[in-house]
Amino acid sequence: MLALVPAGAARADNPIIQTIYTADPAPLVYNGRVYLYTGHDEDNSTYFTMKDWRVWSSTDMVNWTDHGSPLSVATFSWAKSDAWAGQAINRNGKFYWYVPTTNRSTGRMAIGVAVSDSPTGPFKDALGHPLVENGEIDPTVFIDDNGQAYLYWGNPHLSYVKLNTDMISYTGSVTQIPLTTSGFGTRTGDANRPTLFEEGPWVYKRGNLYYIVFAAKCCSEFIAYSTAPSPTGPWTYRGTIMPTQGSSFTNHPGVIDYNGGSYFFYHNGALPGGGGYTRSVAVEKFTYNADGTIPTITMTTTGAPQIGTLDPYTRQEAETIAWESGVETEPSAEGGMNVSYIDNGDYIKVKGAAFGTTGATTFTTRAASGANGGKIELHLDSLTGTLIGTCTIPGTGGWQTYTTITCPVTNAKGTHDLYFKYTGASGSLFNLNWWQFTTGPTPTP
Ligand code: FUB
C-alpha cells in the first residue's frame, strides 16, 4: 500500500495511477478506448523488482479503470523474474503482448509473447518458450500499412525481426539497426555507447514518416526520437522530446493519437515514496509541429485535459479513478476489480461527472463489508465541497458478500468533480464494486 497522497495534491491528475507504482507505459487505442499496459514496481523496491504487468483503460484520459493483472512472470513457465517494459497490439481479433523477462534456463533476458481474446486478458503464453532471446529488453511492436509487422527491442543494441501475420513467429534473422550518431545522436563519455540510444524504443508511423521514440542516455535518461522514410531506416536523429525530469533515473515513452489529439505517456517518481524503482505513469497531450516534428514536452502534475465528461447515470466501476488517497484494488468475486482497504478519511475523485440540468436524485452502490461498514460522503468539486448525499454501508458478513444500497441525493446538477469520502471506525470499512446515480423525479419513499 502506498503512502497517503498529500491533500495538497488533490487537484493533480498526474501521475494517472496512484493505487500502486506503475512503469513503462504502453498505450493501445482499441474500439474507442485507450488501454494502457504497464509494469508494476513493488512497494519499497530497491531494484527493478517487478513481478506482474497491469492493464488500465479510459475513454477520457483522466478517469482510469483498473483491470488488474492479467499477465505475470508466472504466466511464462520458462520465466524466472523481471516483468519489464512491454507493448500490446491487436490483430486477427486477438491481442498480443510482447514482454521482456528473464529466461530461467539461460539467465538472460528474453522476449515472450502472450495472447488473449480481450484487451484486458486473461493472457496466456502463446508459445511456451521465448519468441526471441539475445539478452536484451524492451520490445515495441508495429504493423505497417502493408500488413508487415515488426518487433524491435534492445539495450544496448537495437534489433528487429519481421513478424509473420500470426504475430507469434517471424521470418528471417534478427537484424541489428546500425546505431550511428546521425541516426541516434551523439553521446559523450561512454566509449561503449557512442549514440544516445539507451532503451525503451517505441515505433510508429504518422503520415509517411516512421518514428522511433526512445529513452536516451543514462543516467538519468531523457526521451528523444529519430525518424525514417521506412520501418528499417535510414534513421535521422531529431532531438529531445522530454528532458531529464521527474526523480526517476529511467523514463519510458508511449505515443498515441486518440479522439483527435496526440498523447505522450511516460513515467516519473512523483508519488510519495517514488523514485527510480518506485515509478508512476503519467500523460501529457501535445500537438505535432506542421512538419511532423515533436515539440518539447514537460512533465506536469495536471496531465491531459479531460475528453468530454463522465456519465454518472451509467454504471461506473468503483475502480474508475482520476485521483485517490489511501485505497487499494483487488480482483472481485463478482468479476473485474473492486476497491478495497478503504479506511476512514480515504477518498476517490472522479473527474467531470455531468449531472445535467435535472440533477441526480439517488446514488446506488454495490458494497460489501466483513466489518461494520461505514459511510460514503458524496462531495462536489473538493473533499469539503457541497455534500450532495451520505450513504451508510452496513456490515454484510463478508468482504466479498455484496449488497446493493441506494441513498437519496440533492443539489447535484451541472458538471463537477465528484469526491467519494469514506468515513467510519478504524480499520477497513467496506469494499466497493460499482456505483450509479439516477436522475428524474424524486422517488417517493
Ligand atoms: O522497468 C524496467 C526497465 O526500466 C525497463 O525495461 C526499462 O525500459 C526501464 O524503464
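Cross-link check: pairs 51/162; 80/124; 375/421; 51/80; 80/162; 351/413 evaluated at a Cα-Cα cut-off of 20 Å; pairs beyond the cut-off: 51/162; 80/162. From most to least packed by mean Cβ count within 10 Å, the peptides 290-297, 224-231 give 224-231, 290-297. Close amide H contacts of residue 297 (hydrogens built in the peptide plane, cut-off under 5 Å, sequence separation of 5 or more or a different chain): 242. Exposure proxy ranking for 256, 342, based on other Cβ atoms within 10 angstrom of each Cβ and starting from the fewest, stands as 256, 342. Near residue 210: Cβ cut-off under 12 Å, other residues only, Lys/Arg at +1 and Asp/Glu at -1. The net charge is +1. Charge dipole of the chain (Cα centre as origin; +1 on each Lys and Arg Cβ, -1 on each Asp and Glu Cβ, all else neutral): 360 debye, rounded to the nearest 20. Relative protection proxy for 312-319, 166-173, 273-280, from highest mean packing down: 273-280, 312-319, 166-173 (other beta-carbon atoms within 10 angstrom).
Label sites at residue 290 and residue 257, each approximated as a point 7 angstrom past Cα along Cα to Cβ, lie 1.8 nm apart. Once both labels are positioned 7 Å from their Cα atoms along Cα-to-Cβ, the gap between residue 74 and residue 387 label points is 4.3 nm. Would you please state the base-10 log of I(q)/I(0) at q = 0.07, 0.08, 0.12 1/Å for the chain, with intensities from the Debye formula using one equal scatterer on every alpha carbon? For the requested q values the scattering log ratios are -0.36, -0.47, -0.99. Remark: the residue 181-residue 118 segment gains 18.6 nm on full extension, using 0.36 nm per residue and subtracting the alpha carbon distance. The residue 174 and residue 249 beta-carbon pair, evaluated with R₀ = 30 Å, returns a calculated FRET efficiency of approximately 0.55. Using the average count of surrounding beta-carbon atoms within 10 Å as a protection proxy, the listed peptides 157-165, 360-368 rank, highest first, as 360-368, 157-165.
Each part gets one Cα centre, and for the range 339-387 versus the range 32-99 those centres are 28 Å apart. Across the range 226-364, Cα pairs under 8 Å and at least six residues apart give a relative contact order of 15 percent.
With each label modelled as a point 7 angstrom along the Cα→C-beta vector, the residue 162-residue 47 pair spans 3.9 nm. Does the range 220-265 come out rounded, prolate or oblate, given a ≥ b ≥ c as the square roots of the eigenvalues of its C-alpha gyration tensor, rounded meaning a/c under 1.5 and, failing that, prolate meaning a/b above b/c? Oblate shape, in that a/c is at least 1.5 and b/c is the bigger or equal ratio.
FYI, it's all coordinate maths here, none of it is from the lab. Nothing here was measured: the structure is a model prediction, and the numbers come from that model. Virtual Cβ from ideal backbone geometry, glycine too; neighbours counted across all protein chains shown.
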